[in-house]
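Take a look at the structure set out below.
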Amino acid sequence: MNRRPRSAPAWTSASGGPLDCPEKIKVLDQNLDEIREVCREAFEDAILMGCDEERVREVLHGVIDDLRNPWPKPKGE
């Protein structure tokens, strides 16, 4: 049985429907696992080096907030 972890999101398409391709879901879940691991390591390193926890969270949130879609929809769609 291929069960997804509880923390795995229900991926949706740009139109709002569920993404149902198992290979796409697998890649997205693996990417998310890698992101979590890198963020956890950076977070722990920062705390061990004496950084303020809330500031580290703000910086990590900012990284995500600064991401831009490299393939934006053309105007009028």
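Just from its helices, what would the mean residue ellipticity at 222 nm be for the chain, if runs of 4 or more DSSP H residues each count -39500 (n - 2.57) and the sum is divided by every residue, rounded to the nearest 500 deg cm²/dmol? Mind showing how you got there, number by number?
Details: 2 runs with 40 residues, N = 77.
Result for the chain: -18000 deg cm²/dmol, rounded to the nearest 500.
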| message | Along the Cα→Cβ direction, 7 angstrom out, place labels at Ala14 and Asp66. What is the inter-label distance in nm? | response | 2.6
| task | Once you have all Cα-Cα distances for the chain, histogram them in 5 Å bins from zero and send the whole-percent values. | result | 3, 11, 15, 18, 17, 14, 11, 7, 3, 0
| task | May I ask for log10 I(q)/I(0) of segment 22-65 at q = 0.21, 0.31 Å⁻¹, from a Debye sum over the Cα atoms as equal point scatterers with solvent left out? | result | -0.70, -1.04
| said: Could you derive backbone 3J(HN,Hα) for segment 53-70 from the dihedral phi with the Karplus parameters 6.51, -1.76 and 1.60 (θ = phi - 60°), listing whole Hz in sequence and x where the residue is Gly or Pro? | reply: 4, 5, 5, 4, 4, 4, 5, 5, 4, x, 4, 5, 4, 7, 5, 10, 5, x
| Once the Cβ-Cβ distance between Glu37 and Lys73 is put in as r, and R0 is 25 Å, what FRET efficiency do you end up with, to the nearest 0.05? | 0.20
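Multiplying the sequence separation of Lys24 and Arg55 by 0.36 nm and subtracting their Cα-Cα distance, what value in nm do you get? Spell out each step's value before the answer.
Details: separation 31, 0.36 × 31 = 11.16 nm, distance 3.38 nm.
Roughly 7.8 nm would be gained on extension.
A short reminder: the numbers here are calculations on the coordinates, not readings from a lab. Since this is a predicted model, take the numbers as computed values, not measurements. Reconstructed Cβ throughout: ideal geometry from the backbone, glycine too, with neighbour counts over all protein chains shown.
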